Amino acid sequence: MDLGIAGRRAAVAAASAGLGLGAAQALAAEGVRVALCGRDRSRIDAAAAGIGGAAVPLVADVGTVEGARDFVTAAREALGGIDILVCNAGGPPPGTFASTEMEAYEAAISLNLLSTVAMCREAVPEMQERGWGRVVSITSLGVRQPFPQLMASVTARVGLTGFLKVLAREVAKDGVTVNSLQPGFHDTDRVRQLAGDNIESFAQAVPAGFIGSADDFGSVAAFLCSEQARFLTGCGIHVDGGAYTALL
């Protein structure tokens, strides 16, 4: 299916590996020009090389407001504008209520909430002016079904989910959609770090019987950016192989 986005321009944050890279690859495969960022020059260059000529590698740390804003600015300069924004960042260290210090909450809010707010503030107004735009934010299944040991992550990303919902309502009339993707277990460095040597036990917890790949996730992200998804906004979509158990 042609998603109708060939020639569009996308900024994809934290895309040197994992789900961000999966989204960047899927968009590039649809003919989208992609600017992607990471903190390490060699890793982001390698990621862009793997995507091919449509990809522009940028070094940026989107874990801070300033870094997030600078990434969007650099992506705009490289591409001549931004039609699609994929917001993403790493995950905070694991911890419980008892083990998570106040400083860890502050860092998580900067990493997983304020950085996305900053990216949206920098990118969305030009989408509104143009009358077309797509914002996809990668959050976590934990905002629906909190994971044990991820107190700071869940706290920050639930706040982000509220921001995205309000933003979606404000900009819908301008042809801009805003959605979040809530990944469950995918075969990424983050999940392997959390699982240790027990990655197969994570797969056993997924009704589909396996953990997802970055390609699986990227395909869903690309669809949300499509012309066909123009009436889909303000949604949080779990991409989890059936792991979410509630009705709503």
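Just so it is clear, none of the values below were taken in a lab; they were calculated from the coordinates. Source: prediction; values computed, not measured. Using ideal geometry, Cβ is built from the backbone for each residue, glycine included, and neighbour counts are taken over all protein chains shown.
Estimated purely from DSSP H runs of n ≥ 4, each contributing -39500 (n - 2.57), the mean residue ellipticity at 222 nm for the chain is -13500 deg cm²/dmol once divided by its residues. For the chain, the longest principal axis of the C-alpha atoms and the axis of helix 65-79 are separated by about 40°. For the chain, the longest piece that avoids every one of the GluC sites (Glu not before Pro) found in DSSP loops with at most 13 other C-beta atoms within 10 Å covers 102-226. If you plug the beta carbon distance of VAL166 and ALA6 into 1/(1 + (r/R0)^6) with R0 = 25 Å, you get a FRET efficiency near 0.20. Cα centroids of the range 32-87 and the range 154-182: 21 Å apart.
Arrange the following residues from fewest to most other Cβ atoms within 10 Å of their Cβ: SER99, SER153. So the residues, fewest neighbours to most, are SER99, SER153. Once backbone amide H atoms are built at 1.01 Å from N, LEU36 has VAL12, VAL56, LEU58 as its partners under 5 Å, excluding neighbours fewer than 5 places away on the same chain. In terms of Cα atoms, the Rg and Dmax of the range 130-181 work out to 12.8, 43 Å. Among rounded, prolate and oblate, which fits the chain when a ≥ b ≥ c are the square roots of the eigenvalues of its C-alpha gyration tensor, a/c under 1.5 means rounded, and a/b larger than b/c means prolate? Because its axes are fairly even, with a/c under 1.5, the chain counts as rounded. Neighbour counts of C-beta atoms inside 10 Å place ARG41, ARG190, ARG9 in the sequence ARG41, ARG190, ARG9, starting with the fewest.
Principal-axis analysis of the Cα atoms of the chain puts helix 41-51 at an angle of about 70° to the longest axis. Helix 214-224 versus the longest principal axis of the chain: what is the Cα-based angle in degrees, 0 to 90, to the nearest 10? With both axes taken from Cα atoms, the answer is about 50 degrees. Only the Cβ atoms of Lys and Arg (+1) and of Asp and Glu (-1) were treated as charged; on that basis the dipole of the chain about its Cα centre amounts to roughly 480 debye.
Between amide H atoms placed 1.01 Å from N, distances below 5 Å from SER180 occur with SER137, CYS235, GLY236, ILE237, all of them 5 or more places distant or on a separate chain.
Relative to the Cα centre, the charge distribution of the range 92-160, modelled as +1 at Lys and Arg Cβ and -1 at Asp and Glu Cβ, gives a dipole magnitude of about 320 debye.
Shape verdict for the range 118-248, please, from the Cα gyration tensor: rounded (a/c under 1.5), prolate (a/b greater than b/c) or oblate. Cα axes put the range 118-248 in the prolate bin. Pairs of Cα atoms nearer than 8 Å and 6+ residues apart set the relative contact order; for the chain it is 21 percent.
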